[in-house]
Amino acid sequence: MKRILVTGANGQLGTEVVRMLRQDGHYEVCAFNRYELDITDEEQVMRKVVHTKPDWILHCAAYSNVEQAEEDGYDANWNINRDGSANISKAAHEVSAKLIYISTDYVFDGKKAKPYTPDDEVNPLNEYGKAKLAGEQAVQKYCPDAFIIRTSWVFGEHGHNFVYTMLKLAEKTDTLRAVADQFGRPTYAPDLSLFMKYLIDTSPEGGIYHFSNDGETSWYGFAKEILKEQNIKITPVGSDEFPQKAERPTYSVMSLDKVKETGFAVPTWKDALERFKKRIR
């Protein structure tokens with residue numbers, strides 16, 4: 001039975017990963033939330049990982065407030081996403097554990113006109129993207145055979161996300177505006193969890209993978225699909241209508257070819273959204 005350590009176990013992704021692995025019954029899961037494992041504490045990380053002796057570490061813990069990372073959360077962003085990831089990587093190396101690190105589409109600047117491949121040049125525009133990229137580099141330094149999964153626009157039952165925001169706004173108003181000039185791929189947390197489990201079970205070659213659900217859209221297109229059963233008017237607007245501290249890439253669609261080459265079947269984001277709606281009902 002494989003022993004798997006999960007960081008960020010109470011987050012949007014971590015919760016799904018832990019639930020899925022425990023339901024399967026073929027894994028011994030050691031799940032730690034941020035209060036049980038402070039990934040910024042190098043000594044604590046090493047002590048817990050050496051004591052646990054996992055076969056795999058699924059590093060789901062992250063600082064994910066993109067806006068706050070530009071100001072009040074600047075230090076926390078770098079301490080968690082760069083330094084915390086380095087601490088996890090060093091500990092994984094110490095016990096020879098396989099490592100999966102979750103990264104982001106925000107490592108790209110969005111100036112490309114076709115989907116980004118794992119080999120494309122990175123150029124993050126905001127502090128969150130810069131710190132996650134530094135986390136990738138730390139992982140590659142200490143665990144060269146690790147799996148780095150870049151993902152985007154994550155939604156699921158647990159935590160805050162765009163789908164919940166739209167559904168809540170629709171309860172209060174019959175008119176909404178949504179950004180129509182930023183394009184990407186939504187990602188359903190349970191589907192990303194399934195791919196992580198697939199990597200554990202099949203052990204393909206390590207490296208950088210891009211995972212999201214298939215099909216691309218804008219935030220406007222995403223909002224329309226979320227609220228298609230409701231009598232609500234959604235107006236497409238430009239990014240300048242929603243000024244933000246953190247600059248976002250206008251096009252962060254990532255190629256799924258490498259994931260598909262492993263044999264994993266990637267569902268579309270519309271299919272994923274329907275499954276999400278059924279679960280929350």
_Residues of the stretch 41-62 that turn out to be of a type in the set (V, I, T) and buried (at least 22 other Cβ atoms within 10 Å of the Cβ), as a count_ = 3
*Does Y198 fit the bill of being over 21 Å from D119 (Cβ atoms), touching a Leu at 6+ places or on another chain (Cβ under 8 Å) and not acidic (D, E)?*
no
*Check whether at least one residue in the stretch 259-280 is in contact (Cβ under 8 Å) with a residue 40 or more places away in the chain, open to solvent by less than 60 Å² (accessible area, probe 1.4 Å), touching a Pro at 6+ places or on another chain (Cβ under 6 Å) and not in a loop (DSSP other than H, G, I, E, B), and report yes or no.*
yes
*Please specify each residue of the stretch 65-91 satisfying the condition of being open to solvent by less than 20 Å² (accessible area, probe 1.4 Å) and more than 20 Å from the chain's Cα centre (by Cα).*
A91
*Within the stretch 74-86, can one find any residue that is within 17 Å of G207 (Cα to Cα) and at pLDDT 95 or above?*
yes
*Cβ-Cβ below 6 Å, separation at least six or inter-chain, first residue in the stretch 200-212 and under 29 Å from L273 (Cβ atoms) and in contact (Cβ under 8 Å) with a residue 60 or more places away in the chain, second part of a helix (DSSP H, G or I) and open to solvent by less than 10 Å² (accessible area, probe 1.4 Å): which pairs?*
Y209/V259; F211/L192; F211/F195; F211/V259
*Would you call I100 open to solvent by less than 10 Å² (accessible area, probe 1.4 Å) and in a strand (DSSP E or B)?*
yes
*Of (1) at pLDDT 95 or above; (2) within 16 Å of S193 (Cα to Cα); (3) surrounded by fewer than 20 Cβ atoms within 10 Å (Cβ to Cβ), Q23 satisfies all except one. Which?*
(1)
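The values are calculated or read from the model by the stated rules, or taken from the named source; none is laboratory data. Just so you know, these numbers come straight off a predicted model, no measurement behind them. So basically every Cβ, Gly included, is an ideal-geometry build from the backbone, and we count neighbours across all protein chains shown. Remember, those area values only see protein heavy atoms, side chains included, never the ligands or the DNA or RNA. Shrake-Rupley method; radii C 1.70, N 1.55, O 1.52, S 1.80 Å.
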